[in-house]
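The values are calculated or read from the model by the stated rules, or taken from the named source; none is laboratory data. Everything numeric in this text was worked out from a predicted model, so none of it was measured. Every residue, glycine among them, receives a Cβ derived from its backbone with ideal geometry; neighbour counts consider all protein chains shown.
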Amino acid sequence: MITHVENPVVEVHDLTVSYHKKPVLWGVDFTLPQGALVGILGPNGAGKSTLIKTIMGLIPHSSGFSKLFGKELSEVRNRVSYVPQRESVDWDFPASAYDVVLMGRYGKLGLFNRPRKADKEMAMNCLEKVGMADFAHRQIAQLSGGQQQRVFLARALAQDADLYFMDEPFAGVDASTEAILMDILKSMVTRGKTVAVVHHDLQSVKEYFSWVLLLNMRLVASGKTEEVFQEELLQRTFGGKLTLLSKMSELVHKNEFPVRES
Amino acid sequence: MHFSDFIIVFTASCIAITCALLGCFLVLRKMAMMGDAISHSVLPGIAIAYLLSNSRDSWVMLLGATAFGILTTLLIEQVHQRMRVQEDASIGLVFTAFFSIGVIIISAYAENIDLDQECVLYGEMVHLPLQSLYWGKQAIGPMAMYNAVVMLLLVLTAIVLAFRRLQVCTFDPGFAVSLGISVSVWHYLLMSLVSFTTVVSFEAVGAILVVAFLVVPSSAAFLLTQRLSHMLVLAALIALFSAVGGYYLAYWLDASIAGCMTCVAGLFFLVAFLSQRLLNKTIPLTKENTGTKAIGIN
């Protein structure tokens, strides 16, 4: 069940990606509307991270194409932001939280330009938005997992983009930090930004996302959360994992009662 | 202090600082042994350059060696990515292969080549002032010194101009690609500088000292600093003091200059390690305990 939209912010057409000749994504085809908060869901190894890495040009694809704002990625880089998985970098790197956030401005700087006053102020503002201003000059290894994730979000905010791809921003984050991050994502969406998030926790999907992609090598479904987040499609996506799915069916049916207090 | 003493210390300091600056990026990229690999795998380059040109002109040798240094870094990357071999294993595979090819070429075709193994490994800095660079017919000073100065200026310029690019490519290559930065171009640029530096310096000071200067000052600086710019400056200072201190230690003990410089650098690392322990008792040293990786997964 795949819902297509008019004037999509993201258009992915027949995208196939292979890794060492084994296909990881197969014929993925979807569109995303502007202002959506999108959850990308699927079991481990479904290709969720691969999908956003391919759209961001980190991984080559074997066929198909993706367009952002109806254009090639290289034409709209300054309007797109990518947040990698927290575990993908070495946090022992000698840098402060502020140094990392300032990297969000590098895309708009030329090769040899130094960051200007406005760039530095922007970086500080973004740290403030994620509640990390007090930790600006702390070395990043001395931050907790949740604080590191907030630094990554601040760096993305510093890019001042219109479209955000985030790879598991809630991994290893405690409940209160997750709530803070989620508030920021929701306020971004209300300002017309589009945010796509690779997500693991099925319990929070209904509460968090307005649009859902269900992925398991092939795209199972793409559409509004209330239309797509149902038992049969989830079963096709996660297949076989019965204990999980029986819990899921409860969730789907009793959606009036939020499982997670906010 | 004699003029020749000054030349030795000055040349060694330039080389030490250059190696320490590049070493910071190698250590942060977990490629510290790249310098070791390059200093060995340039051997076939030197042998082939000698056979083709039939001259021992050091510029020809330098060219052949640098070309093989760059080839080494390219091959290490390709073996790592395409053959799915771990990066460290890939380094070991490539440089031992190249080194053995070099040994075979020399033993089969160029037995009369004057390639003293001791000299390659330990360097003979006492001889450093002997080979002069000529301007017309006028000797204007030792060649090795000019090489070292040019190299230091080249590396300094590259790092100052491209500091932010190198920083973001080293810390978060995925993010750098998403900004449209060509991470592989910067990788190979850095590795070319490492090749060139390794080749120029090991001719002057020996392979072991090059590896020591690439790894030791930057590792010591890593322990003591929290920002990349500070790490670079501190590594350069440690390298400088190791070179000068090592020279006087060698003078005093009447021992190998390269050996003493390496020892002093090692002492600096020990001091850095101990002072970091004393200053930051609250921050344990092992990765498992820094709270960075541990929280992430479970």
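Figures for the structure shown
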| quantity | calculated |
| --- | --- |
| Residue within the stretch A:39-51 that is within 28 Å of B:F163 (Cβ to Cβ), within 12 Å of the chain's Cα centre (by Cα) and not hydroxyl-bearing (S, T, Y) present | no |
| Residue satisfying all of: in the stretch B:192-214; under 30 Å from A:L102 (Cβ atoms) and either touching a Phe, Trp or Tyr at 6+ places or on another chain (Cβ under 6 Å) or surrounded by 24 or more Cβ atoms within 10 Å (Cβ to Cβ) (or both); nearest to the other protein chains (Cβ to nearest Cβ) among these | B:L214 |
| Subset of the stretch A:60-84 that is in a loop (DSSP other than H, G, I, E, B) and among the small types (G, A, S) - its residue that is farthest from the other protein chains (Cβ to nearest Cβ) | A:G70 |
| Residues of the stretch A:156-167 classified as assigned to a loop (DSSP other than H, G, I, E, B) and crowded, with 23+ Cβ neighbours inside 10 Å, total | 1 |
| Exclusive hit being over 30 Å from B:R29 (Cα atoms) and in a loop (DSSP other than H, G, I, E, B), set A:P43, A:P94 | A:P43 |
| Any pair with Cβ under 6 angstrom, 6 or more apart, that starts in the stretch A:88-116 at a residue that is at the interface with chain B (Cβ under 7 Å from one of its Cβ atoms) and of a type in the set (G, A, S) and ends at one that is assigned to a loop (DSSP other than H, G, I, E, B) and crowded, with 19+ Cβ neighbours inside 10 Å | A:G107/B:L179 |
| So A:P43, is it more than 14 Å from every other protein chain (Cβ to nearest Cβ) and out of contact with any Cys (no Cβ under 6 Å at 6 or more places or on another chain) | yes |
| Subset tally (residues that are modelled with pLDDT under 95 and among the hydrophobic types (A, V, I, L, M, F, W, C)) for the stretch A:81-90 | 1 |
| Residue list for the stretch A:168-209, restricted to those being among the acidic types (D, E), assigned to a loop (DSSP other than H, G, I, E, B) and more than 14 Å from every other protein chain (Cβ to nearest Cβ) | A:D201 |
| Residue within the stretch A:137-147 that is touching a Lys or Arg at 6+ places or on another chain (Cβ under 8 Å), part of a helix (DSSP H, G or I), within 14 Å of chain B (Cβ to nearest Cβ) and under 26 Å from B:V183 (Cβ atoms) present | yes |
